[in-house]
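Report on one structure; see the data block that follows.
The values are calculated or read from the model by the stated rules, or taken from the named source; none is laboratory data. Being a predicted model, the structure only gives us computed values, none of them experimental. Note: ideal-geometry Cβ built from the backbone for every residue, glycine included; neighbour counts use all protein chains shown. Ligands, DNA and RNA are excluded from the accessible area calculation, which covers all protein heavy atoms including side chains. Shrake-Rupley method; radii C 1.70, N 1.55, O 1.52, S 1.80 Å.
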Amino acid sequence: MTPDRVLDCLGRPCPVPVIELAKALPSLGVGDVIEVLSDDPAARHDIPAWCRMRGQEWLGEQARPVGAAYLVRRTG
Amino acid sequence: MASTVHLDAAAAVPLHPAAREALLAALDDGWADPGRLYGAGRRARLLLDAARESVAATLGARPDEVRFTPSGTVADHCAVTGALAGRRRVGGHVVHSAIEHSAVLHAAAGADATAVPVDRQGRVDVAAYDAALRADTALACLISASHEVGTVQPVEEVAELCAARGIPLLVDAAQTVGRAPVPQGWSLLTASAHKWGGPPGVGVLAVRTGTRFGAGLPDGPVNLPAVVAAAVGLEAANAEAAAEDARLRPLVDRIRDRVAADVPDVEIVGDPVDRLPHLVTFSCLYAEGEALLTALDREGFAVSSGSSCTADILEPSHVLVAMGVLTHGNVRVSLHRGTTEADVEGFLDVLPRVVGALRRDAGVEGL
């Protein structure tokens, strides 16, 4: 899946990746996919939890050489 | 500045006045080696036996099934390693819930272990627990109630499953002993005195007669004055438990209601009803756990957090992770006999402002 936007949060501790994701959301179109790159251990849990709380679609994660890519689709 | 309000009872509570009195008396009276046959030694032996009998009665155990250890953590370690050694011929497999105390998880780390998942409320899935038990399962472990989110676990149901297969069950009852009736059906049980108002440095390990235990039970010298104080503190806590339950439960409900109403974007976690009487946990979206703790401490409130930035290791709480809830901005509030309604109201007055200021500083308001 090719994301519409990539957000590089490598090296930034929790809850920065979630905050950056929330800040980026309004600039996405509905249906767009954003990829959050993070090596913070909390991102794996907090990004799906944020999706649940905010009603956005959690698409899963992909391993990367450093950290992982977390994929979210804007649904509303 | 006013003294700090201690809202971290799940870690340790202040010494109960009865335990303090007993400690001071036992320092004078219980200093001798209980293994000696002269007068002071016999006196120490009587004190130790009385302490063991008293604690055993609370646990529904026989006195000879109860040992004192230097901490609850040591008790957990002894329980896991001893039970595994005792069942080596059966196998080396361990089943535990995903939300055990880290002492149990660390002790089981070298073994072939299956972690049984919990639901969003933090309650272990009994059917999944059943499915995880195998012919080579040497030990099953289930915490009596989550020390992080308060959810009470179905110990007696799991105990029946284990008993039917002849598998010993370790119940870490640290958060329950002294507050609520101890669940039945355990083969091994652990507890920790400073959670009920006894002194720090006293753990309890109970091993049911007939449970195979391979490593030899802990049988070294104990800190006798502290053990005596722990036993007296437990009797005092038991005597007050029903009244404290009735007093603290509505205070926790009050915290749950007001945090949900006054703090935007907060997730209150754990079972709202079938829970420990004194403990509530919530996570504040976009707030950083360590900053939250520091700010609350500055305002005079000592609380705990399961957020990763507050841990020595940079991993978030395995309990919050297992529940699939937000791990950052996490606060655990736990009450004790010294907590007043005014303490709780004071905390609730300060919290929305503290969270709001942190969010303002981080530029995340309105996200």
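The table below gives the values:
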| item | result |
| --- | --- |
| Rg/Rg_globular for the protein assembly as shown, with Rg_globular taken as 2.2 N^0.38 Å and Rg from C-alpha atoms | 1.06 |
| Local electrostatic count at B:R360 - Lys and Arg +1, Asp and Glu -1, tallied over other residues with Cβ under 14 Å | -2 |
| Paramagnetic reach from B:Y38 (point 7 Å along Cα→Cβ, amide N under 16 Å) across the range B:215-235 | none |
| Degrees separating the helix B:341-362 axis from the principal Cα axis of chain B, which is the longest one | 60 degrees |
| Potential extension, B:D297-B:A246 segment - 0.36 nm per residue separation minus Cα distance | 15.6 nm |
| Dipole moment magnitude, nearest 20 debye, the protein assembly as shown about Cα centre, only Lys, Arg, Asp, Glu C-beta charged | 840 debye |
| Shape category assigned to the range B:285-367 from the gyration tensor of Cα positions, a/c cut at 1.5 | oblate |
| Neighbourhood net charge (12 Å Cβ-Cβ; Lys/Arg +1, Asp/Glu -1) for B:G233 | 0 |
| Solvent-accessible area lost in complex, 20 Å² minimum, residues of the range B:281-305 relative to chain alone, 1.4 Å | B:L285, B:Y286, B:E288 |
| Sum of -39500 (n - 2.57) over DSSP H runs of 4+, divided by residues of chain B (222 nm, nearest 500) | -13500 deg cm²/dmol |
| For chain B: rounded, prolate or oblate by the Cα gyration tensor [a/c cutoff 1.5] | oblate |
| Relative contact order [Cα under 8 Å, 6+ residues apart], the range B:17-237, whole percent | 29 percent |
| Charge context of B:L296, other residues only, Cβ under 13 angstrom, K/R +1, D/E -1 | -4 |
| Cα centre as origin, Lys/Arg/Asp/Glu Cβ charges: the range B:17-237 dipole, Debye | 440 debye |
| Probe 1.4 Å, protein heavy atoms only - accessible area per residue of chain A in square angstrom | 44 Å² |
| Portion, in percent, of the accessible area of the protein assembly as shown that falls on carbon or sulfur, probe 1.4 Å | 53 percent |
| Value at 222 nm in deg cm²/dmol, rounded to 500, when DSSP H runs of n ≥ 4 in chain A each add -39,500 (n - 2.57) | -8000 deg cm²/dmol |
| Beta bridges per DSSP with both ends in the protein assembly as shown, % antiparallel, nearest 5 | 60 percent |
